[in-house]
Amino acid sequence: MLKKVKVEPVIQQIPVNTITLSPAQQTVPYETKKSMTSGILTLNKHIDIAKKGVKEPVIIDCTIFKNGQVIAIEQKHTCLLEFTSSGILRRNVKILSQALGIAAIDESLFAITESERDTVRIYDKQRMSSIREVSIREHCSGITKYSDSNFVVGCNAGGLVLIGKNGKKEKVFHTKELMHLNQNICLTSNERGHIFCSFSKNNTILSIDSRGILRFTFQCEKLKSPRGLTCDGNSNIYVSGYETNNIIWISNDGKKSKEVLNSKNGIQCPTGIDYDTNLAILTVCNHNGSKMSIYSMK
């Protein structure tokens, strides 16, 4: 059994830079065009979480490390599940409160958002224990790595917060379209510093650039209740459609899109997703959180 480590850091008042974004510039209509990527995602394996000893599991988000390890948030039992690259459940670690989002920062650190406590916790992966706590002071949900030194957290009312892995708040993006949402949001970012957000209640994907300028909003009939997002390694993104039982590829400029996986490929009520460019695998929290599905790019 793992020993719990209680961390009581000093939360400092840190000045932040504030950026106000302009109104929406363009709503991009849905287009079905040939994907800019030549590969095809094919099912590698379904991991039945219940068969790993977790009763009635509900995994909602996950993150992949370069060695193929996957850590997922399990909601019903308030824990983190660590899987090896071969899909073996290595550790089941109880956490202090309910988490909504998870993101690898580097090969030794990852961070989770704790919505009930309005905080972000940074974890040591090897020990699977919290080493730092950052107070957000409002409900937080989505999280994504932004660079080698920081990550972005989505807040339900106050926009996006850029946080260094040292725990210091570096910037706040007070985006008009991101303010007072009163809903959970999911995030990802790409190599160009663009940030992408999904809003499940209004079936919308939104993107801003590194300066905080709105780039586009995206909607289409084939994407309902969008949840997890992840970059494809070519500055484009994948998005999971919870109600449409699919994974949609969207180009970096929001002008092209394509359904790359659906129920015929085993997708059912997907939530969190993550793609690793080096391993060329897409991990999906699938089947209403009861399974983790691994797809390989061929």
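Could you tell me which label, among (i) 19; (ii) 14; (iii) 53, carries the value of percent of Cα pairs over 34 Å apart calculated for this structure?
Of the listed options (i) 19; (ii) 14; (iii) 53, (ii) comes from this structure.
Nearest 0.05, what FRET efficiency do Glu243 and Arg192 give at R0 = 25 Å with Cβ-Cβ as r? Walk me through the intermediate numbers first.
On the way: r = 30 Å, r/R0 = 1.19.
Working from the Cβ atoms, E equals 0.25.
Provide Rg and Dmax in Å for region 96-202, with only Cα atoms included in the calculation.
12.8, 40
Hey, which aspartates and glutamates would be in cross-link range of Lys258, C-alpha to C-alpha under 19 Å, not counting anything within fewer than 8 residues on its own chain?
Glu31, Glu221, Asp232, Glu243, Asp274
Which lysines have a Cα lying under 20 Å from the Cα of Lys94, excluding residues fewer than 8 positions away in the same chain?
Qualifying lysines at Cα under 20 Å: Lys3, Lys4, Lys6, Lys51, Lys52, Lys55, Lys76, Lys125, Lys291.
Just grab the label-to-label distance for Glu107 and His77, each label 7 Å out from Cα along the Cβ direction, in nm (one decimal).
3.0
Quick note: the coordinates plus some simple rules give every number you see, no bench work behind them. All figures in this text were calculated on a predicted structure; none of them were measured in a lab. Note: ideal-geometry Cβ built from the backbone for every residue, glycine included; neighbour counts use all protein chains shown.
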